[in-house]
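Below is one structure, written out as structure tokens; comments come after it.
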Amino acid sequence: MRLILLGPPGAGKGTQAVRIAERHHIPHISTGDILRANVREGTELGTEAKGYMDAGDLVPDDLIIAMVGERITLPDAAEGFLFDGFPRTVPQAEALGQLLAERDEPLDAVLRLAVDEREIVTRITGRRTCSGCGRIFHVRYDPPTADNVCDDCNGPLVQRDDDTEDVVLNRLAVYRRSTEPLEDFYWQRGLLRDVEAAGSPDEVAEHAFAILDELSARS
Ligand code: AMP
């Protein structure tokens with residue numbers, strides 16, 4: 001399946017993406033994760049992207065589109081993929097449409113995670129990521145067994161540089177301005193599906209799975 005997860009920062013895209021990708025045996029492609037890896041490795045792309053990321057602003061479209069264009073040609077994406085955090089602007093969505101049309105590989109669905117904005121700041125500022133394996137915890141909703149240590153690999157948990165409150169508020173404003181128009185873009189193309197994202201991660205996943213099962217049954 002070729003899927004996109006859409007939703008504001010803090011809607012749970014990363015958490016759900018891991019579950020959906022595993023269940024459907026498709027790679028989870030997070031443009032944020034790819035960019036953070038580039039920043040860690042000090043590549044040219046990482047150096048260029050870091051300032052935008054730290055401020056909660058979007059990295060320019062041409063850099064993102066080139067990065068994604070390369071990523072989807074890797075063999076693991078031949079049978080499908082799940083994008084998390086991409087596309088984030090109408091030009092990115094248009095470029096993706098063109099890339100997929102050239103490959104004759106249309107999208108199956110865009111899953112929109114709908115969540116109350118007041119909940120978002122609490123969710124994001126409490127988020128902690130394992131620097132070893134990338135597993136995501138939350139200090140209140142999904143705490144690790146031992147403080148700041150990953151349950152899976154014992155790696156140290158860290159807060160992302162852009163998960164502080166002032167940066168989160170900017171990321172939400174950027175979402176409303178640049179990314180929300182994609183909801184209409186994909187609705188008009190008959191691809192948008194709403195996933196209720198207010199429950200526990202398991203409940204949200206069940207809802208997403210039901211939507212995807214229905215889609216698979218139809219095709
Ligand atoms: P994320 O992990 O998806 O929240 O992304 C973290 C940051 O990476 C964002 O705040 C942006 O600065 C940058 N980023 C990730 N994906 C994109 C994208 N598709 N377009 C532009 N910037 C992006």
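The values are calculated or read from the model by the stated rules, or taken from the named source; none is laboratory data. A quick note: this is a predicted structure, and the numbers were derived from the prediction, not measured. Cβ atoms come from the backbone with ideal geometry, glycine included; neighbour counts cover every protein chain shown. All accessible areas refer to the heavy atoms of the entire protein, side chains included, with ligands and DNA or RNA removed. Shrake-Rupley method; radii C 1.70, N 1.55, O 1.52, S 1.80 Å.
What to note about this one:
- The gain in end-to-end length when the residue 41 to residue 200 segment is fully stretched comes to 53.8 nm, 0.36 nm per residue minus the alpha carbon separation.
- Looking at segment 36-93, the GluC sites (Glu not before Pro) that sit in a DSSP loop and have at most 16 other Cβ atoms within 10 Å of their own Cβ are 79.
- Å² per residue, accessible surface of segment 146-207 at 1.4 Å: 58 Å²
- Among the GluC sites (Glu not before Pro) found in segment 95-203, not one is both in a DSSP coil and sparsely packed, with 15 or fewer other Cβ atoms within 10 Å of its Cβ.
- Expressed per residue, the C-alpha convex hull volume of segment 26-65 stands at 72 Å³.
- Evaluated on segment 35-99, the Kirkwood hydrodynamic radius is 12.7 Å, with distances taken between all distinct Cα atoms.
- Structural size metrics of segment 64-219, computed from C-alpha coordinates, are Rg and Dmax of 17.5, 49 Å.
- Expected 222 nm ellipticity per residue - DSSP helices of 4 or more, -39500 (n - 2.57), all of the chain, to 500: -14500 deg cm²/dmol
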